[in-house]
Amino acid sequence: MANTRRDSVTGALMMVPASIVILLLVVVPMVIIARDSFAISDPLGGNLGGFTLDNYAKLLDPVYGKTIGYSLGMAVLNAIVCTIVGYVVAYYIATRPARRQPVLLLLVIIPFLTDFLVRTFSWITLLGSGGPIIGIAKALGIPATSLVPSQTAVVLSLLYAFLPVAVFPIYASMRAIDPSLREAAADLGAGWWQTHARVFVPLSASGLASSVMLTFVPTLGVFVIPVLLGGGKDPLVGNLIVTLFTEFRNEPLGAALSMVVLVLMLASVALAGLVTRLVSRGARRSARSERSA
């Protein structure tokens, strides 16, 4: 009993530093932003304190609604593209010999070793009028101009930026799948599509859900890529928040928009968790029915 109590006290003490860091760097800033979102702003956008709902009412303006809707659409598109491509890459790595998998994972990690801004500028060179992609297209007789700025450049850069974080959770879930299940599915006459649809996808549902969250949530806050590769014509909500805080100097309105984005992120996480549970429950039911049959 004494040893158990001592271990509990030791574990609690070891959590104190991390708890303090989370409190100071996460909880306190969120509380300040939440408080400022209800503050009254002066004509110059300053924070006068007090309490009002006008900041949230202003977000109902179609201008802000358009930006939020566009951001959600781009986040969903990026999450879908990254998850599909990440699934293919993760499946390829997971089905290679064990000694080769660390090397392939290292190749996936390498882009993360370069500064995010440098990686974004590299796409300007690749997709620009003097870049290799346009040069190859012209050599093949395909009329092409610079892809920067364009939505295509934004989507490609988002895929490149977030693909590694999509690969790893899917790979981790696939590593737990018994390789013999693929052989068993083939012996039962299942083709490539049926094997993935009825075996790999349900069993890797948790990794797929994590991939969606790890790409969807940060995409909402991206502001460098739309400016550099999209020309700033269709800004994401992250660009709008930065503009409200820095250029317009309207801290209460920027804080209100930040809270709306936070709520959307939490709702998406809850939805992903619900979908994951439903898919896992369906897979277990299907497995039980097949065993009973």
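Laid out as a table, the results:
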| quantity | calculated |
| --- | --- |
| The lone exception for V26 - which of (1) under 25 Å from the mean Cα position of the chain (by Cα); (2) surrounded by 11 or more Cβ atoms within 10 Å (Cβ to Cβ); (3) among the β-branched types (V, I, T) it fails | (2) |
| Test set (1) closer than 18 Å to N47 by Cα; (2) touching a Leu at 6+ places or on another chain (Cβ under 9 Å) - T243 fails condition number | (2) |
| Segment 183-233 - residue that is more than 24 Å from V261 (Cα to Cα) and aromatic (F, W, Y) and, of those, nearest to the chain's Cα centre (by Cα) | F200 |
| Where L59 falls short, out of the listed (1) over 21 Å from P218 (Cβ atoms); (2) in contact with a Phe, Trp or Tyr (Cβ under 9 Å, 6 or more places away or on another chain); (3) modelled with pLDDT of 85 or more | (2) |
| The lone exception for N250 - which of (1) open to solvent by 50 Å² or more (accessible area, probe 1.4 Å); (2) of a type outside the set (G, A, S); (3) touching a residue at least 24 places away in the same chain (Cβ under 8 Å); (4) farther than 28 Å from T152 by Cβ it fails | (1) |
| Those residues of segment 156-170 which are open to solvent by 30 Å² or more (accessible area, probe 1.4 Å) and under 13 Å from the mean Cα position of the chain (by Cα), in sequence order | L159, Y160, L163, V165, F168 |
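The values are calculated or read from the model by the stated rules, or taken from the named source; none is laboratory data. As the structure is a computational prediction, the values presented were derived from the model and not from experiment. Every residue, glycine as well, gets a Cβ built from its backbone with ideal geometry; the counts of neighbours run over all protein chains shown. Heavy atoms of the whole protein, side chains included, go into the accessibility calculation; ligands, DNA and RNA do not. Shrake-Rupley method; radii C 1.70, N 1.55, O 1.52, S 1.80 Å.
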